Amino acid sequence: MQYKEFTVVLPTLNEGRNVAELVSHLKRTYKGICVIVADDGSKDNTRDEARRMNKIYGSVKIIDRKRLGRARGLTASVIDGITESRTRYVIVMDADMQHPYQVVGKIAAKLQRGDEIAVGIRAEVEDWPFYRKFISKSLIVVGYAVLFFRGSQSCGDIFSGFFGVDRKFFINTYSKNRERFVGRGFKVLFDLLKCVKRNSISVSDVPYVFKNRKFGESKAGAKQVLDLLKSFAS
Ligand SMILES: Nc1nc2c(ncn2[C@@H]2O[C@H](COP(=O)(O)OP(=O)(O)O)[C@@H](O)[C@H]2O)c(=O)[nH]1
Ligand SMILES: [Mg+2]
């Protein structure tokens, strides 16, 4: 199979030790696939590593958001990446190897079959401390309730950061609901689902096992919980 119709968007913040490995796996596994690295002013060699990958494989684009004067944020970076992409489908994933690149092909197949959204579903969470599991579970319950009472679309993991989307569908939905996307937040899929009427599109789930990040640290913290509460309300 050729992957010329697909772009992988990787939001990055200090992923110099992970990004090259991930991009080379993607490029070697999925012939013709495009990659966009949406970087938020990483202080390490993330952008240099992405440029090096572009020299080797081609079609690796870097959005240097800080240089462009864009407000920092994971959701805002993903939106920039999707906007900049030029392919029919886009797949969003973390750059820290927590989302297995082997699953990209399964998400791609679902999109090609006609689903507007295909969501990577964490089948198993490895090694999370109790407090993180507890906070996460509580937020999930509230998130599902928000979608339910608003008559919005749901899926098997509404907070997944690993999903594929039909680009035109995303851009249309986003352009009509810009103010409902929390740019600084971590949950762009949730913001998208919120804006879609239940059962108006086809959504599929693709299970995978969430890994521990390979190098570096998570940037998720209390601030992201506040951003998520803002997402619930908007
Ligand atoms: N562009 C951008 N990427 C970010 C930001 N925060 C985190 N990331 C990236 O988003 C992905 C997920 O972040 P991570 O900190 O691993 O979150 P976690 O997996 O929920 O712990 C990784 O590729 C990070 O490098 C941000 O503010 N801007
Ligand atoms: Mg991570």
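Structural remarks
- Cα shape, region 30-97, gyration tensor, a/c 1.5 rule: oblate
- When only alpha carbons are used to place a centre, region 156-209 and region 80-94 end up 13 Å from one another.
- Amide proton proximity set for Lys66, modelled H, under 5 Å, gap of 5+: Gly41
- Rounded if a/c under 1.5, otherwise prolate or oblate - the chain, Cα gyration tensor axes: rounded
- Rounded if a/c under 1.5, otherwise prolate or oblate - region 11-142, Cα gyration tensor axes: oblate
- In Hz, Karplus ³J(HN,Hα) per residue of region 145-155 (6.51, -1.76, 1.60; θ = phi - 60°; x = Gly, Pro): 5, 4, 5, 5, 6, 8, x, 8, 5, 10, 6
- Annotation: amide H-H contacts under 5 Å for Leu10 (H modelled 1.01 Å from N, sequence separation of 5 or more, or interchain): Ile36, Val37, Ala38.
- Reachable lysines from Lys168, criterion Cα separation under 19 angstrom, eight or more residues apart if same chain: Lys4, Lys110, Lys176, Lys194, Lys197
- Nearest-0.05 FRET efficiency for Lys31 and Ser154, computed from C-beta distance (R0 30 Å): 0.30
- Scanning residues 5 or more positions from Ser204 or on other chains, those with amide H under 5 Å from its amide H are Ile117, Ala118, Val119, with H placed 1.01 Å from N in the peptide plane.
- Here's the list of aspartates and glutamates a cross-link from Lys211 could span, going by alpha-carbon distance under 17 Å and ignoring same-chain residues fewer than 8 apart: Glu15, Glu21, Asp94, Asp96, Glu124, Glu126, Asp127, Asp157.
- Sites matching GluC sites (Glu not before Pro) across region 41-139 that sit in DSSP coil, with at most 13 neighbouring C-beta atoms within 10 Å: Glu126
- Potential lengthening between Glu5 and Asn199 on full extension [0.36 nm per residue; Cα-Cα distance subtracted]: 67.3 nm
- Here the Karplus curve 6.51 cos²θ - 1.76 cosθ + 1.60, taken at θ = phi - 60°, turns the phi angles of region 80-93 into couplings of 4, x, 5, 4, 6, 6, 10, 9, 5, 10, 10, 10, 9, 8 Hz, with x standing for Gly and Pro.
- 3J(HN,Hα) couplings calculated from phi for region 18-34 with the Karplus curve 6.51 cos²θ - 1.76 cosθ + 1.60 (θ = phi - 60°) are, in sequence order, 10, 5, 5, 4, 5, 4, 5, 4, 4, 5, 7, 7, 10, 4, x, 6, 9 Hz; Gly and Pro show x.
- Max mean-square fluctuation residue, GNM over the chain, Cα-Cα springs under 10 Å, options Thr12, Thr75, Thr29: Thr29
Values in this text are rule-based calculations from the coordinates and carry no lab data. What you see is a predicted model, and the numbers here were worked out from it, not measured in a lab. Ideal geometry is used to build each Cβ from the backbone, glycine not excepted, and the neighbour counts take in all protein chains shown.
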